[in-house]
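Working notes, structure below.
The values are calculated or read from the model by the stated rules, or taken from the named source; none is laboratory data. Just so we're clear, the structure is a prediction, and the values are computed from it rather than from any experiment. Cβ coordinates were reconstructed from backbone atoms using ideal geometry, including for glycine residues, and neighbour counts include every protein chain displayed. Just so you know, the surface numbers come from the protein's heavy atoms only, side chains and all, with ligands and any DNA or RNA stripped out. Shrake-Rupley method; radii C 1.70, N 1.55, O 1.52, S 1.80 Å.
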Amino acid sequence: MKIAVLVKEVPDTWGDRQLDPQTKRVVRAGDNVTDEINEKAVEAALLLRESVPGSTVTTVTMGPKSAREAVRRSLAMGADNGIHILDDRLVGSDAVQTSAAIAAALALGSFDLVIAGNESTDGRTAAVPAMLAERLGLSQLTFLRTLAVEGDTVTGERMTGTGYLEVSAKLPAVVSVTEQIAEARFPSFKGIMAAKKKPLETVDLNELGSPDDFAGAENSGSVVTSVTVRPPRAAGTIIRDDGTAATQLADYLASAKLL
Ligand SMILES: Cc1cc2nc3c(=O)[nH]c(=O)nc-3n(C[C@H](O)[C@H](O)[C@H](O)COP(=O)(O)OP(=O)(O)OC[C@H]3O[C@@H](n4cnc5c(N)ncnc54)[C@H](O)[C@@H]3O)c2cc1C
């Protein structure tokens with residue numbers, strides 16, 4: 001079984017993430033990390049590889065030069081090889097363009113199973129997995145908290161607002177997993193050294209088809225018209241218990257119409 005896992009490099013979730021009012025894009029100059037949910041998706045793929053002998057795990061990312069580190073990390077965790085979609089014409093891509101470029105790379109690899117995170121921790125559109133399934137003409141199972149493959153069928157438990165559904169689909173298919181799917185293993189020193197020798201292919205839009213199909217406003221689904229910097233968080237209300245804390249709290253909640 002050929003498994004592809006989509007990993008995204010994102011600004012450090014715990015860092016001070018900013019949008020640049022000039023470019024209207026996220027500032028990626030600071031610390032970037034591999035998206036946490038994507039590390040868990042890599043773990044889910046490695047566990048599937050262990051359960052289905054002969055399987056391979058390929059990591060795919062679309063992003064700037066620095067995104068290469070996200071692929072390297074997945075190779076150090078144990079993935080077999082990586083694909084980095086790198087092209088200046090993709091800078092500032094929205095979900096529609098991102099899905100077009102990634103779908104083209106996946107089509108070249110003809111994978112049996114594509115595993116993505118349910119949402120990225122920066123853009124959070126939670127749209128790319130469905131867009132990929134549509135573009136590739138494949139079934140999709142999204143928001144899975146469990147994942148298994150038996151023969152040519154993928155199954156899992158899909159999180160819902162009230163619990164979960166047991167869902168299944170024939171391979172090839174696209175699935176997205178939530179943070180409940182698995183705990184990501186830490187790359188061992190041996191894994192980090194081995195990753196340096198594993199194949200990591202860099203492809204640009206010319207290798208994926210005609211660039212006009214991917215880049216440019218005509219291929220995007222959204223335009224950012226303005227960016228407003230979030231006002232600094234106002235200091236909270238501090239209640240000191242001089243015997244009237246309960247009253248103060250009730251008054252505060254009432255004033256906030258929470259009572
Ligand atoms: C603050 C912010 C707001 C944004 N708002 C919008 C918006 O409203 N509409 C819009 O179209 N775009 C938006 N974008 C751009 C969007 O984030 C990018 O186009 C992104 O590459 C795809 O969307 P996503 O991150 O929301 O993906 P999601 O659909 O949330 O990601 C789901 C999964 O898809 C995979 N994936 C997503 N992107 C990549 C990638 N580049 N490489 C590899 N795997 C990937 C990962 O496995 C990820 O877990 C926004 C970006 C930011 C930073």
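Structure data summary
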item	result
Tally of residues being open to solvent by 30 Å² or more (accessible area, probe 1.4 Å) and either of a type outside the set (V, I, T) or within 10 Å of the ligand (Cβ to nearest atom) (or both) across the stretch 1-16	7
Yes/no for L19 being more than 10 Å from the ligand (Cβ to nearest atom) and not basic (K, R)	no
Residue selected from the stretch 195-228 under the condition farther than 24 Å from I83 by Cβ and either modelled with pLDDT of 95 or more or among the hydrophobic types (A, V, I, L, M, F, W, C) (or both), by the criterion most open to solvent (accessible area, probe 1.4 Å)	V223
Residue list for the stretch 37-55, filter: outside any helix (DSSP H, G or I) and touching a residue at least 24 places away in the same chain (Cβ under 8 Å)	V52, G54, S55
Single unsatisfied condition, I192 versus (1) of a type outside the set (S, T, N, Q); (2) surrounded by fewer than 19 Cβ atoms within 10 Å (Cβ to Cβ); (3) within 16 Å of the ligand (Cβ to nearest atom)	(3)
Selection from the stretch 30-44 of residues that are closer than 26 Å to A105 by Cβ and either among the acidic types (D, E) or more than 18 Å from the chain's Cα centre (by Cα) (or both)	D35, E36, E39, E43
Among residues of the stretch 122-146, those that are within 14 Å of the ligand (Cβ to nearest atom), part of a loop (DSSP other than H, G, I, E, B) and open to solvent by 30 Å² or more (accessible area, probe 1.4 Å), counted	5
Cβ pairs under 8 Å, 6+ apart, first in the stretch 231-245 and on the phi > 0 side of the Ramachandran plot and in a loop (DSSP other than H, G, I, E, B), second at pLDDT below 85 and open to solvent by less than 100 Å² (accessible area, probe 1.4 Å)	none
Verdict on E119 being assigned to a loop (DSSP other than H, G, I, E, B), open to solvent by 10 Å² or more (accessible area, probe 1.4 Å), under 25 Å from K170 (Cα atoms) and charged (D, E, K, R)	yes
Any hit, the stretch 45-54, residues being of a type in the set (V, I, T), more than 10 Å from the ligand (Cβ to nearest atom) and within 21 Å of S110 (Cα to Cα)	yes
Qualifying residue in the stretch 67-85 (condition: hydrophobic (A, V, I, L, M, F, W, C), farther than 16 Å from V7 by Cα and buried (at least 18 other Cβ atoms within 10 Å of the Cβ))	no
Count of residues meeting criterion [near the ligand (Cβ under 8 Å from one of its atoms), in contact with an Asp or Glu (Cβ under 8 Å, 6 or more places away or on another chain) and under 13 Å from I83 (Cα atoms)] in the stretch 102-121	0
Residue identified as away from the ligand (no atom under 11 Å from the Cβ), in contact (Cβ under 8 Å) with a residue 12 or more places away in the chain, buried (at least 16 other Cβ atoms within 10 Å of the Cβ) and under 22 Å from L147 (Cα atoms) among T34, T58	T58
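A quick yes/no check of all residues on (1) within 16 Å of the ligand (Cβ to nearest atom); (2) under 30 Å from T58 (Cα atoms); (3) more than 24 Å from the chain's Cα centre (by Cα):
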| position | (1), (2), (3) |
| --- | --- |
| T202 | yes, yes, no |
| N206 | no, yes, yes |
| D212 | no, yes, yes |
| V227 | yes, no, no |
| D242 | no, no, yes |
| L253 | no, no, yes |
| K257 | no, no, yes |
